[in-house]
1. Express the relative contact order of the range 3-69 as a whole percentage, based on alpha carbon pairs under 8 Å and six or more residues apart in sequence.
2. Considering only Cα-Cα distances, which of the following residue pairs are longer than 30 Å: LYS26/LYS48; LYS102/LYS160; LYS20/LYS156?
3. Rounded if a/c is under 1.5, else prolate if a/b beats b/c, else oblate: with a ≥ b ≥ c from the C-alpha gyration tensor eigenvalues square-rooted, which is the range 93-146?
4. Check which residues have an amide H placed less than 5 Å from GLU149's amide H, if you skip close sequence neighbours.
5. Per-residue ellipticity at 222 nm for the chain, helices alone: DSSP H runs ≥ 4 residues times -39500 (n - 2.57), over residue total, nearest 500 deg cm²/dmol?
6. How far apart, in nm, are two points set 7 Å out from the Cα along the Cα-to-Cβ line at LYS12 and at GLU167?
7. Where Lys and Arg each count +1 and Asp and Glu each count -1, what net charge lies around GLY71 among other residues with Cβ under 12 Å from its Cβ?
8. At a Cα cut-off below 22 Å, give the lysines reachable from LYS49, other chains included and same-chain residues fewer than 8 away excluded.
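Rule-based calculations on the coordinates, nothing more; no lab input. The shown structure was predicted, so the numbers you read here are calculated from the model rather than taken from an experiment. Using ideal geometry, Cβ is built from the backbone for each residue, glycine included, and neighbour counts are taken over all protein chains shown.
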Amino acid sequence: MEIVSISLKDYKNVKQFYTKITDHLKKKRIFQWDRFYPNRFVIKGDIKKGNLYGIFEEDQLVAAITLDVNGSKRYEQVKWEDLFGNPLIVHRLAVHPCYQGKGVGNLLLLFAEEFGDKNGYTSIRLDVFSGNPSAVRLYEKAGYVERGEIYFPFRKAPYKCFEKTIENHINS
């Protein structure tokens, strides 16, 4: 499975992908996303900035991840370990329901770690909806360490904040 940068020509496919993920989460009674988020402005912004990556199978997007340096303002209250480094932030990691449980999410995380290492980042940070136990387990199994919790408006459950040091930069 090849992970590629997503372009604007793929926008409709990406929008449908996130809608399918949101619907799947609702069916599982996981209310982390809705019709307001992720929205077209967020998705198009990710694409235009070159921050959205994905895996396509037969021209359909089956997994996606956004990588940038823009952590939420709420991250300021989290007790991060990498205080003076250069963290890479993961947003909106998602895997199509038909591909879940097959290691695809882990592939995206490995991609993020390799991307971070190649581009001089010292750690990876992210937040994950605490009401999504499968997603929380994904990060825990991949060696991410929980550093705290934050709350977002209109969300009833907190988001767990995770961090992983990029190994090649520990002693840099």
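1. Value for the range 3-69: 42 percent.
2. Details: LYS26/LYS48 28 Å; LYS102/LYS160 23 Å; LYS20/LYS156 22 Å.
Violating the 30 Å Cα-Cα cut-off are zero pairs.
3. oblate
4. Amide H to amide H, under 5 Å and 5 or more residues apart or across chains, GLU149 pairs with CYS161.
5. Values: 4 runs with 50 residues, N = 172.
Roughly -9000 deg cm²/dmol at 222 nm, from the helical runs in the chain.
6. 4.4
7. Values: positive: LYS73, ARG74, ARG125, ARG147; negative: ASP68, GLU76, ASP82, ASP127, GLU163.
Spelling it out: positives minus negatives among the neighbours equals -1.
8. Result set, ordered by chain and number: LYS9, LYS12, LYS15, LYS73, LYS118.
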